[in-house]
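Following: one structure in structure tokens, then a few remarks.
The values are calculated or read from the model by the stated rules, or taken from the named source; none is laboratory data. Predicted model, so just to flag it, every value in this text is computed and none were measured. With ideal geometry, Cβ positions are generated from the backbone for all residues, glycine too; neighbour counts draw on all protein chains shown. When the accessible area is computed, the model is the full protein with side chains, heavy atoms only, and any ligands, DNA or RNA have been set aside. Shrake-Rupley method; radii C 1.70, N 1.55, O 1.52, S 1.80 Å.
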Amino acid sequence: MENANLNAWLVHKSGRLAGTRHSLRDDVTRIGRSAENDVIITDAAIVSGHHVEIRKQGTTYRLCDLNSTNGTYLNGQRVAEEVLLDPPCVIRMGADGPELSFVLEDAPPVDLNQTILAPSAPLVIAPEEETEPVGMSKVHDDLLSEAVERARVARRMGTGDSTVVIMRQMLDTALHRTGRKFKAVIAVLVCALAGTSAYGFWKIQGLKKEKGQIDGQIQQVEVMLAHAKEDAPETDQLIDQLDQYQDEAVALQSNLLYRVASFEHEEAIKHEIRTLMKEFGAETYSIPPEFVASVKHFIEQNQGPDRSNMERALGQASKQMDVMRRIFEENNLPPDLAYIVLVESALTSGSVSSAGAVGLWQFTPVTARGYGLRVGNGVDERLDTAKCTRAACKYIRDLILDFGAGSSVMLALAAYNLGPAKVKTAIRKVNDPIKQRNFWYLYRARAVPPETREYVPKVIAVMLIGRNPEHYGL
């Protein structure tokens, strides 16, 4: 840190920008999802709008968390407010979010936006034949290496369509450095590149068209399912058809050409739900439109009539929420599950339900005692934030284990609301034991009660707001 000649760099370790480097030349470098940051990370909802900043003080650098929702970690340890950076070290946004390496180097890497300057060499022209200049072979090797490296970086940064442009730039540079014989060779290469590009473009367009048709069929089936009556005989047939279309779409997406060229953009809310579902192990190609609409409805409700509850949770009660999230993390559960408490009690410890459920996590006396809480004789540990949250972790863990693999977290959410016995009674109406453990099948088939179909999107809505409150104006 004492060597002022060293250059400071941030290097992406994960995500689609893996390997991309950022030079820290300014006194302050800010990192987050918002466009005004110096280092912008948009492919991880766990990152706050303004998440963290690195401050240069002389020859030292300090890492400062900007009161981010999911916290900042340095070498696996959560940063309270500010900490000295001792390179090489790893900065992580959130408990399991994107990672950046902080390093010092005495020589910066080649700027890929600059053209390589090759040393000039004398040309030796034979009477009948033009020969390649001395040292020109190495220049061409350098140009090719630069083109490949620039293409790789472009791919990592999500600008894959730049590959042909980069190659064209390199060829143009080469043409200005060689004789007529080598220009003829390059002309052949240009023709080959043009032909390959044309074929690739035609093939990619065909794949995209095919996927568009499949997506249209999926959307049509989803609409039919949304209007199907409960226990309708055609429901299973429609869901089987939907599964077939989804399998075809996933197989098409795995095609190498499609992966190389495709830069699909979907609605932000749907993308955030999909990201959360992936973390919960409940990923699905097609999220039911009803489910998305329900999540949107509850987000708007938290932005409007229930705004005060969310503002309290993210403001004056934020330390209480941090305690609960940390307890979930300590119990190897997704910390975002702590936001269930907002739906259960709106963080009001004195709330009491008609069934006698009390406290932040709305435990009945029987359930509370079953999970180690003391209730009675003037003592009620359901009102103790830390103790009742640990009990909630045990309860949710049991529900996840009880409902098996796959989308068990989603079924656990349903069981927390309705009770495991009632959920089991409802899903046993489905004969197929595999489908009994598939939340998305049960949701589409309306095998879960209406209050559960409402409860799960309500919890997902508060989770999305909690992960990125600035995006939702909170």
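Between I46, I54, I31, I41, which is in contact (Cβ under 8 Å) with a residue 40 or more places away in the chain and over 20 Å from the mean Cα position of the chain (by Cα)?
That would be I54, the only listed residue that is in contact (Cβ under 8 Å) with a residue 40 or more places away in the chain and over 20 Å from the mean Cα position of the chain (by Cα).
Would you check which residues across segment 57-71 are in contact (Cβ under 8 Å) with a residue 60 or more places away in the chain, of a type in the set (S, T, Y) and under 26 Å from G315 (Cα atoms) and list them?
Scanning segment 57-71 gives a single hit, T69.
Out of N431, N417, which single residue is at pLDDT below 85 and either in contact with a helix residue (DSSP H, G or I) (Cβ under 7 Å, 6 or more places away or on another chain) or crowded, with 23+ Cβ neighbours inside 10 Å (or both)?
N417
Taking the residues in segment 64-101 that are in contact with a Cys (Cβ under 9 Å, 6 or more places away or on another chain) and in a strand (DSSP E or B) as candidates, determine which candidate is nearest to V11 (Cα to Cα).
If we take residues in segment 64-101 being in contact with a Cys (Cβ under 9 Å, 6 or more places away or on another chain) and in a strand (DSSP E or B), then S101 is nearest to V11 (Cα to Cα).
Would you tally the residues in segment 378-400 being surrounded by fewer than 18 Cβ atoms within 10 Å (Cβ to Cβ) and under 14 Å from P334 (Cα atoms)?
Number satisfying all stated conditions: 2.
Mind checking which residues of segment 44-62 are more than 26 Å from M277 (Cβ to Cβ), touching an Asp or Glu at 6+ places or on another chain (Cβ under 7 Å) and open to solvent by less than 20 Å² (accessible area, probe 1.4 Å)?
V52
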